[in-house]
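Take a look at the structure set out below.
None of the figures in this text is laboratory data; all of them are computed from the coordinates on show. Since the model is a prediction, treat every value here as computed from it, not as a measurement. For neighbour counting, all protein chains shown are included, and Cβ atoms are generated from backbone atoms with ideal geometry for every residue, glycine included.
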Amino acid sequence: MIDLQYYLILSAVMFVIGALGVVTRRNAIIVFMSIELMLNSVNLTFVSFAAFLGDSTGQAFVFFVMTVAAAEAAVGLAIIIALFRRKRTVNLDEINILKW
Amino acid sequence: MTLEEIIFYIFALGGVVSAILVVTRRNPIIAAIYLIVNFFCLAAVYLTLHAQFIAIIQILVYAGAIMVLFVFVIMLLNLGDERSLRDGFSWKKVVAGGLGFGVLMELIYIFIMPGGAKTIEMARATEVGTVKAIAQVLFTQLLFPFEVTSLLLTAAIVGAIVLAKKNLN
């Protein structure tokens, strides 16, 4: 039998890897994929707590997180396409039109 | 070591390795493929937690729908041969790595400290992850959030079309 903390540690490791991807990479698509990685690690925490506490609510929440992730992917990739059309790049260092 | 533990360790290792490869690969297509590997490993880990429905949804929605969108956009923008994005060594990365390591150690300490998550025993109920059990919660207790989800998806569809359109007139 695997203890709960192994699942939580796996989730924490994947979350930190995703967070590092978000702060260190400059390619907008890879930053986006790192965000998906972080969402997935949170899903793992939800599912493991749901399984260990014997409550299905956590798994229903994973359902909502996946819906939000799908919506986020659709809108985010549309933003990336719009940016690429305007700037001809996905380098986040060059996309600074909101910078003051 | 039971079979369950062996499966967990193999797929946990696969998940961590593929996650590292996602954030380190230069070519976005290769990163996307490792992300799909990561989703499959995670689905196997969900199966060890008796979450059959979530495991299937993970593969269908994430590895199927969302990753198709990613790969489609990468191919549409033709980013495979972008050389200008070469990220080299920088002190920013060292600082980020140090901070990430610190956060990770804190989280692991919280999980293994006495009186923490260790004390929770696995519930013996294997029917937690069935479609019936999830639908029971989803359509009674969480019915309103479920309906709001449809609004969110409509907004996302409209937003995606408006944003990706060439000229708004």
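Just tell me the longest site-free run in chain B, where the sites are trypsin sites (Lys or Arg not before Pro) in a DSSP loop having at most 13 other beta-carbon atoms within 10 Å. Can you show the working numbers first?
Working: sites that count: B:Arg83, B:Arg86, B:Arg124, B:Lys165, B:Lys166.
So the longest stretch without any such site is B:1-82.
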Taking each full run of DSSP H in chain B as one helix, which ones are at least 20 Å long along their axis (Cα atoms) and have mean Kyte-Doolittle hydropathy of at least -0.5?
-> B:3-24, B:28-48, B:91-112, B:143-164
Which lysines have a Cα lying under 23 Å from the Cα of B:Lys93, excluding residues fewer than 8 positions away in the same chain?
-> A:Lys99
Expected max-MSF residue from B:Ile29, B:Ile74, B:Ile157 in the GNM of chain B (alpha carbon, under 10 Å) is B:Ile157
So how do B:Tyr34, B:Tyr46 line up by other beta-carbon neighbours within 10 Å, fewest first?
-> B:Tyr34, B:Tyr46
For the range A:4-87, averaging the sequence separation of alpha carbon pairs under 8 Å that lie six or more residues apart and dividing by its residue count, the contact order in percent is 27
Under 15 Å from the Cβ of B:Val45, count the other residues' Cβ atoms, weight Lys and Arg +1, Asp and Glu -1, and hand me the total.
-> -3
Using a/c under 1.5 as the rounded threshold, could you call the range B:1-84 rounded, prolate or oblate? The axes a ≥ b ≥ c are square roots of the C-alpha gyration tensor eigenvalues, and prolate needs a/b larger than b/c, oblate otherwise.
-> oblate
Taking each residue of A:75-86 in turn, how many C-beta atoms of other protein chains fall within 10 Å of its C-beta, and what is the average?
-> 6
Using the alpha-carbon atoms, what tilt in degrees (0 to 90, nearest 10) does helix A:4-24 show relative to the longest principal axis of chain A?
-> 10
Would you mind pulling out the separation of the Cα centroids of the range A:50-100 and the range B:15-60, in Å?
-> 17
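Just in chain A: which trypsin sites (Lys or Arg not before Pro) are loop by DSSP and have at most 10 other Cβ atoms within 10 Å? Spell out each step's value before the answer.
Details: sites: A:Arg25, A:Arg26, A:Arg85, A:Arg86, A:Lys87, A:Arg88, A:Lys99; in loops: A:Arg25, A:Arg26, A:Arg88, A:Lys99.
Loop-located and lightly packed - A:Arg88, A:Lys99.
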Taking only Cα atoms, what is the 0 to 90° angle, nearest 10, from helix A:28-53's long axis to the longest principal axis of chain A?
-> 10
Fewest-first sequence of A:Glu72, B:Glu5 by Cβ atoms within 10 Å of each Cβ | B:Glu5, A:Glu72
Mean per-residue count of partner chain Cβ within 10 Å for A:30-41 equals 6
Take the Cα gyration tensor of chain A, multiply each eigenvalue by 5, square-root it, and list the three semi-axes largest first, rounded to whole angstrom.
-> 33, 16, 8
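By per-residue mean of other Cβ atoms within 10 Å, what is the highest-first order of B:139-148, A:43-52, B:102-111?
A:43-52, B:102-111, B:139-148
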Over the whole of B:7-13, what's the average partner chain Cβ count within 10 Å per residue? Rounded to a whole number, please.
-> 3
